[in-house]
Amino acid sequence: MVIKLIGRDFTVCKVEDYAQVDLWAEYCFIGRTGEENSLVCLTEQVPGNVLEREDGWRGFYIDGVLDFSLVGILAKLSSLLAEHGISIFAISTFNTDYILVRKEQEQEAVRVLSAAGYQVMGK
């Protein structure tokens, strides 16, 4: 399985609303509940109406389109990283899964995944 590094800084944040969010940005993940409006985006794209933010994330994704019948891919990756003390922020899209790790743990995550047999490609 090929994992591709994105090579950019991400921010996880809570926003007042999505009025200032660039929904056409290259990486823009939103989630809305009755209690919050969440946004994950490139750090340079954080809007002005942010209520809380957590900077310092780096991302990678599973290359290719994952069929909905596949089971346990994200669980295996997250378990492997957790065994090495690397916490994640996971995001799933229609096509694939994205995993964010703290910037200071990115190289360790690459080492762990490579040692487990994943082909990790930089961007």
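Rule-based calculations on the coordinates, nothing more; no lab input. Given the structure is predicted, the values throughout are model-derived calculations rather than measurements. Glycine also receives a Cβ, built like all others from the backbone with ideal geometry; neighbour counts cover every protein chain displayed.
Can you give me the distance in nm between label points at E52 and S92, each placed 7 Å from the Cα along the Cα-to-Cβ direction?
Between E52 and S92, the simple spin-label model gives 2.4 nm.
Which shape class applies to the chain: rounded if a/c is under 1.5, otherwise prolate when a/b exceeds b/c and oblate if not, where a ≥ b ≥ c are the square roots of the Cα gyration tensor eigenvalues?
Prolate, because a/c is 1.5 or more and a/b exceeds b/c.
At a Förster radius of 30 Å, what calculated FRET efficiency corresponds to the Cβ-Cβ distance of K14 and A116, to the nearest 0.05?
0.35
Taking H placed 1.01 Å from N in the peptide plane, check which residues at least 5 places from V120 or on another chain put their amide H under 5 Å from its amide H.
I3
For a quick protection proxy, order the peptides 116-122, 94-100 by their average other-Cβ count within 10 Å, most packed first.
Descending packing order for the listed peptides: 94-100, 116-122.
Report the relative contact order of the stretch 2-121, percent, no decimals, based on alpha-carbon pairs under 8 angstrom and at least 6 residues apart.
Result for the stretch 2-121 is 31 percent.
Hey, what number do you get for the chain at 222 nm if only DSSP H runs of n ≥ 4 count, each worth -39500 (n - 2.57), divided across all residues, to the nearest 500?
When only DSSP H runs of four or more count, the value is -5000 deg cm²/dmol.
Which residue, chosen from S79, F89, V101, occupies the Cα position most advanced towards the positive end of the dipole of the chain, where the dipole is computed from +1 (Lys, Arg) and -1 (Asp, Glu) charges on Cβ about the Cα centre?
S79
Under the Karplus relation 6.51 cos²θ - 1.76 cosθ + 1.60, θ = phi - 60°, what is the ordered set of whole-Hz ³J(HN,Hα) values for the stretch 18-27, x standing for Gly and Pro?
9, 4, 9, 7, 7, 5, 9, 4, 4, 10
Which peptide among 21-31, 2-12 comes first, and what is the full order, when sorted by highest mean count of other Cβ atoms within 10 Å?
Listed from highest to lowest mean packing, they are 2-12, 21-31.
For the chain, take the longest principal axis of its alpha carbons; what is the angle in degrees between that and the long axis of helix 73-83, to the nearest 10 within 0 to 90?
So the helix axis and the longest Cα principal axis differ by about 80 degrees.
For the Cα atoms of the chain, what angle does the longest principal axis make with the long axis of helix 106-115, in degrees from 0 to 90, nearest 10?
Tilt of helix 106-115: around 30 degrees.
Obtain the nm distance between the two label points defined at H84 and S38 by a simple spin-label model: each point lies 7 Å from its Cα along the Cα-to-C-beta direction.
Here the modelled spin labels are 2.4 nm apart.
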